[in-house]
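Novice: The structure is given below, and queries will be raised subsequently.
The values are calculated or read from the model by the stated rules, or taken from the named source; none is laboratory data. Remember, predicted model here, so these are calculated numbers, not experimental data. Cβ: placed from backbone, ideal geometry, glycine included. Neighbour counts: every protein chain shown. SASA here: full protein model, heavy atoms, side chains in, ligands and nucleic acids out. Shrake-Rupley method; radii C 1.70, N 1.55, O 1.52, S 1.80 Å.
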Amino acid sequence: MTGNRQENDMGQNPPRLAKKLLGLFASSTEKQTISGDLEEYYHEIRREHGAGRASRAYWSQALSASLYLAFNSFIWSITMLRSYLILALRKLKKDKVYSIINISGLAIGLACSFLIAMWVIDETSYDRYQPDADRIYRVKILRGEEERVQVATPVLLAEALETDLADVTDAALVYSINRKLSVQCGEKFFLEERSIISDNNFFDIFDVEFLKGSSASALNRPQTVVLSESIARKYFGNKDPIGRSIGISTIGKDYEVTGVFRDCPGKSHLQYNMIFNYDWGSSGWGSNSVMTYVKLVEGSSPVALNPLMAAFVEKNYGDHIMKSYGVDISRIMESPEKRFRLDFQPLTSIHLDSRVNDDLPGSGDITYVYIFSLVAFLILLVACVNFINLSTARAGKRAKEVGVRKVVGAGRNMLVRQFLLESILSSGLSFVLSACLIYFVLPGFNGLVGKAMSSSEVFSPLNLAALFIVSIVSGLIAGTYPAFYLSSFKPAEAIKSGMARGTFRSRTRDGLVIFQYTVATVILLSAFVIYSQSKYLTSARLGFDKDRVLVVHRARLLGDRLDAFIQELGRIPGVMAVSNSNTLPGRHFDDNRYTLEGAASDDENYIYTVDSDSRFAEVFGVNMSRGRFFSDDIESDKSSAVVINETAAEMLGLEDPVGKRFLKDFYGPYQGEFVTIIGVLEDFNFYSLHHKIGPLMVRYLGARPGYFVSLRLGETDPAAVVNSVRKAWNNFGDEGIFEYSFLNDDFDALYKNEMNTGRIMLTFFVLSIVIACLGLYGLVSFSAEQRTKEIGIRKVLGASTGDILVLLSRRITWLVLVANIIACPLAWMIMDRWLENFAYRASLSLWMPLLSVSVGLALALVTVSHRAIAAAIANPIKNIRYE
C-alpha cells in the first residue's frame, strides 16, 4: 500500500530531473513562467492519457525549452562578448600610451620569467632521458666528520658491489678523460674532447643507441673503441668504420673501431664522443681512480642498501687496511677524522651537485637554480603589481562611465566581466609581444647563460601553451583587483565627482610600490655583491704569478724529444724560464697518502702532489719559506727529495720540516722508499678560491715527461712568442695538434659561473627596475589626476614648478627609501649565505647598499619627474576647470 501511494504521489507531479534540467538554462523569471505552462500541460495530458504519457510529453517539452533557452543564452553571450570586446578595444585605443606601457610591462615580465624558467628546466632535465634513470646511481665516498664527497673509487668496487649486493643488477667503471686527446686517423691528426674509458658493462646501465656494431660485444676486449656518429663521419666519411683503427698518441696505442653510436644527448652529465676499452691492470682497494655506476633492481633504493654498506666496507676494505697499516678496520671507522662510508647518488642529481670537488667538467649548481627560480617568480610578480598600479591609476577617469552604466541598469557582475575581459585582452597582447621578445633575445640569452637552446625547443607547442596560460592567468590575477575596485563605485558619487574616493586605499597602493622596489633593490644589491666577488676571485693575490704564463698542452707526446723542445723554447726572445710538470695550478691534483718516519703505520696523511722539474717555482713565481727548491745538479733531488708547502708542514705538526722524511705508501717512483723534505714553499692557491689551500707536495718529475710545458714571458708580444712556440712544436712534434693557453685565462674560467651569474643578475635588475619604474609612473599619474584641482589652486596662489615637483615626488621618495631599508638587510643576508660557498671571499662594503639606494632613488626620481613636471607646468585655469 505504501509503495502504491508513493508511486501515485510521484505520478501527480512532473519529473523532478526534467525540472532541474530546465533550471540550468532559464533565469528565475523564465523558469517560473515556463514551468507553470509546462505543469498545466502535464496535468492536462495526465488526465486524458495517464501519468506515463504525461511524463514523456513533459520530458519532450522540457528538452525543447532547454535547448531553446540554451541557444538564446549562447547568442546572448556571443553578443555580450562582442560588446565587451568592442569596449575593451576602444579603451585600449583611447589610452594608447597607458595601454602600451601596461602591455609592454607585462610582456617584459613574462618574457624574462619564461626564459629563466627554460634555463631552470634545462638545468634540471639532465640524464632524465635515460629509460631507467630512477634506478641508476653513482657511488660516492663520504670521508671524515664533515663527510667530504669523493666520486673517485677503486677499480675493484664495481665487481664487489655486483657480487655482494643482490639489489645491484649491473655495475660499471667509468674514467672520464678530462683533456683533449691527439687522435691519428690515416695521415690526419685530430684533437678530441669528451672521451671516456669503460667496458661492455657501460651499455648494461646506460641507454646507448648503436647504429653499427653491437652493444653486447663492442667493448668486450682491450684496445677497442666505439665512436659517436659525428666522429665516425668526421674520420671515415661515408666508409664503414667497423674494423678500422685509430691511433691515440697520448696513450701510444692503436684502437680498433668496433661500433658507432648515436651522438650523446647534450643533457647528460657524462659527455662522450669516444668510449675506449682499457686494461685496468691490477690495483687494490686503496687506489681511487674511476667512477662507479650501478643499476638497482626494480623497486629497490639506497635506503634499502644503507644497512648493508657497513658490512660491505668491512668485508672488502678490511684486508687492505690490515695489510697496509697492520690494524683492524674498526679502528679506522671509529676515528672521526679517518672514517668513511659509501653512498649512492641518484643519476638525475649529479649535474647539479656542486659539493663534489673532483667531479666532471660542466657541472651546474642547485643553488643557482633556486636563486633564478625565485628571481623569475619575483619579476613576474612585479610585472603583475605594475599591471595593477597602472590599471588603478587610470580608474579615476572611468568613474563617470561606471556610474552612468550602473544607472542605466548594468550590474556589478556585468562590469566585473567587462573589466576582466579588458585584462585578458591586454595579457593576450602581452603574450604575443613576449613571444616576439623571446624569439629575438634568445641568441643573446644563450650567450649570457652558456646554453644552446634552439627556437624549436623553446617554442614547442607545450611551452607555448604554458606561456599562454601563464599570460592569461597573470592577466586575470592582475586584473581581478582593478575589476572589483572599478565595479564597486557608487553611482551617485561617481557621477558627481567623476573620481573614486577612498576605495583603493593609499596604504595598499604604497605597499605595492614598496614591494616592487624592494625586489629591484635586492636584485641590484645581489648583483653588486656577485660582481665584487667575481672581481675578487680574478684579481686576488694567489701566492703565485699567473700572468704572462704561456702553457703548451700534451707535451708528453714529444717523448724523448721533450728536452730538446724545452731547450729550443728557452732560446725564444722574451721567454724568461720554461718548466715541465704533470699538472698546473687550477687543474686537478692527485692526492696520495704518506706516513712520516717514526709515525704509526695507520697515521697516513692525504697530500696533494705535483711532479715537476727544477724550474717550477721560478716559472710560477712561488717563493720559498724555508730550505730550497730542486736542483738539477744534485742527484739526490731527482730520486729522494720532495718540497712541501706551509699548510702541509702545519698539518703534520712540523715546526722545522727540512730534513724530515716520508714513507710513501702508494704509487710513484718512491714507492717503499723514504723521501726527504728539502724545502717549504709559501702557501699558494693551486685550486680555485672556492677551496682553502690544501697540503701540497712537489716531487721531482723523474724519467716520465709531464703533460704541460709552461713558459714565463717577459715584457714582450705574447702573439709573437706563440708563433715561435708553434714553429718549434711543428719541428719536434706533429703538425695540426699544437694546443696552448694562457694561465690567467685558465684560472678565470674557474669562475665562469660567478661571472655569468653577475651578468645575469645585472640584466634581471635592469628588467625589474624598468617594470618598477612603469609602476611608479602609473602611481604619479594617479596622484596627479586626483590632485589636479589642488595643483591648479596652488599654482594660482604662487606655488612654483619646483614646489609642485616636490609635492608629487615627496611620497615616492619616502616609498623608495622604505623599500631600500627593507631590501638592504634582506639582500645582505642572502648574499652572506651565498658567499659561504667560497673559502676566500670579498668583504661586504658599505658602498654597496649606499650605491643601490642612490641608483634606485635616482631612477625613481627620473621616472616620476616627467609626469610631475607635466602636471606642474599645466595651465592652472584649466586645472581648476578640468571637470
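Novice: Assuming 0.36 nm per residue, please report the length gained on full extension of the stretch ASP164 to MET651 beyond their Cα-Cα distance.
Specialist: On the way: separation 487, 0.36 × 487 = 175.32 nm, distance 3.76 nm.
Result: 171.6 nm gained on full extension.
Novice: Related question: Determine the dipole magnitude for the range 224-275: charges of +1 sit on the beta-carbon of Lys and Arg, -1 on that of Asp and Glu, nothing else is charged, the reference point is the Cα centre, and the result goes in debye to the nearest 20. Can you show the working numbers first?
Specialist: Numbers: 7 positive and 5 negative charges, 26 e Å.
Dipole magnitude for the range 224-275 comes out near 120 debye.
Novice: Need one number: nm distance between label points at LEU308 and SER245, each 7 Å from Cα along Cα→Cβ, rounded to one decimal.
Specialist: Simple spin-label model gives 4.4 nm for this pair.
Novice: If I stretch the segment between GLU597 and VAL658 completely, what's the gain in nm (0.36 nm per residue apart, minus their alpha carbon distance), one decimal? The partial results should precede the final answer.
Specialist: Details: separation 61, 0.36 × 61 = 21.96 nm, distance 1.32 nm.
Extra length available between GLU597 and VAL658 comes to 20.6 nm.
Novice: Something else now. Only residues of the range 801-842 count here: report those whose backbone N is under 13 Å from the spot 7 Å along Cα→Cβ of SER865, or say none.
Specialist: Once the point is set 7 Å along Cα→Cβ of SER865, 802, 805-806, 809 turn out to lie under 13 Å by backbone N, inside the range 801-842.
Novice: Could you compute the FRET efficiency for TRP280 and ASN178, with r as their C-beta to C-beta distance and R0 at 25 Å, rounded to 0.05? Can you show the working numbers first?
Specialist: Details: r = 18 Å, r/R0 = 0.72.
FRET efficiency, TRP280 to ASN178: 0.90.
Novice: When a/c reaches 1.5 or more, the comparison of a/b and b/c decides; with that in mind, is the range 97-220 rounded, prolate or oblate per its Cα gyration tensor? Can you show the working numbers first?
Specialist: Numbers: a/c = 2.38, a/b = 1.68, b/c = 1.42.
Note, shape of the range 97-220 comes out prolate.
Novice: Here is a follow-up. Ranked highest first by the average count of other Cβ atoms within 10 Å around their residues, in what order do 136-143, 557-564, 826-833 fall? Before the final figure, lay out the partial values.
Specialist: Numbers: 136-143: 20.4, 557-564: 14.4, 826-833: 15.9.
Those peptides, ordered most packed to least, come out 136-143, 826-833, 557-564.
Novice: What residues of the range 188-218 lie in the reach of a label at GLU229, counting those whose backbone N is under 11 Å from a point 7 Å from the Cα along Cα→Cβ?
Specialist: 209-212
Novice: By per-residue mean of other Cβ atoms within 10 Å, what is the highest-first order of 366-378, 121-133?
Specialist: On the way: 366-378: 17.5, 121-133: 15.7.
With the highest mean Cβ count within 10 Å placed first, the list reads 366-378, 121-133.
Novice: Leaving out ligands, DNA and RNA, and with a 1.4 Å probe, what % of the accessible surface on the range 287-340 is carbon or sulfur? Could the numbers behind the result be given before it?
Specialist: Numbers: 1490 of 2770 Å².
Carbon-and-sulfur percentage of accessible area, whole number: 54.
Novice: Using the charge dipole of the range 505-651 (Lys, Arg: +1 at Cβ; Asp, Glu: -1 at Cβ; taken about the Cα centre), state which of PHE528, SER639, THR595 has its Cα farthest towards the positive end.
Specialist: About the Cα centre, the residue reaching furthest to the positive side is PHE528.
Novice: Going through the cross-link list LYS451/LYS546; LYS535/LYS752; LYS180/LYS253; LYS451/LYS535; LYS180/LYS451, which pairs have a Cα-Cα distance over 18 Å in this structure? Mind dumping the intermediate values first?
Specialist: Values: LYS451/LYS546 29 Å; LYS535/LYS752 12 Å; LYS180/LYS253 16 Å; LYS451/LYS535 23 Å; LYS180/LYS451 22 Å.
Check vs 18 Å cut-off fails for LYS451/LYS546; LYS451/LYS535; LYS180/LYS451.
Novice: Continuing with the same structure: Quick one: length gained pulling VAL818 to SER636 fully straight, 0.36 nm per residue minus the C-alpha distance? Don't skip to the end; give the middle numbers.
Specialist: Values: separation 182, 0.36 × 182 = 65.52 nm, distance 7.06 nm.
Net length gain for the segment: 58.5 nm.
Novice: Would you please state which residues of the range 251-280 a label at TYR129 would reach in this model, taking the label point 7 Å out along Cα→Cβ and a backbone N cut-off of under 12 Å?
Specialist: 262-272
Novice: Among 549-556, 327-334, 174-181, how do they line up from the highest to the lowest mean number of other beta-carbon atoms within 10 Å?
Specialist: Packing order, densest peptide first, comes out as 549-556, 174-181, 327-334.
Novice: Also, I was wondering about something else. If each of SER335 and LEU762 carries a label point 7 Å out from its Cα toward its Cβ, how far apart are those two points in nm?
Specialist: Between SER335 and LEU762, the simple spin-label model gives 4.9 nm.
Novice: Roughly what would the spin-label model give for ILE366 and SER625, points 7 Å off Cα along C-beta, in nm?
Specialist: Taking the simple label geometry, ILE366 and SER625 are separated by 3.6 nm.
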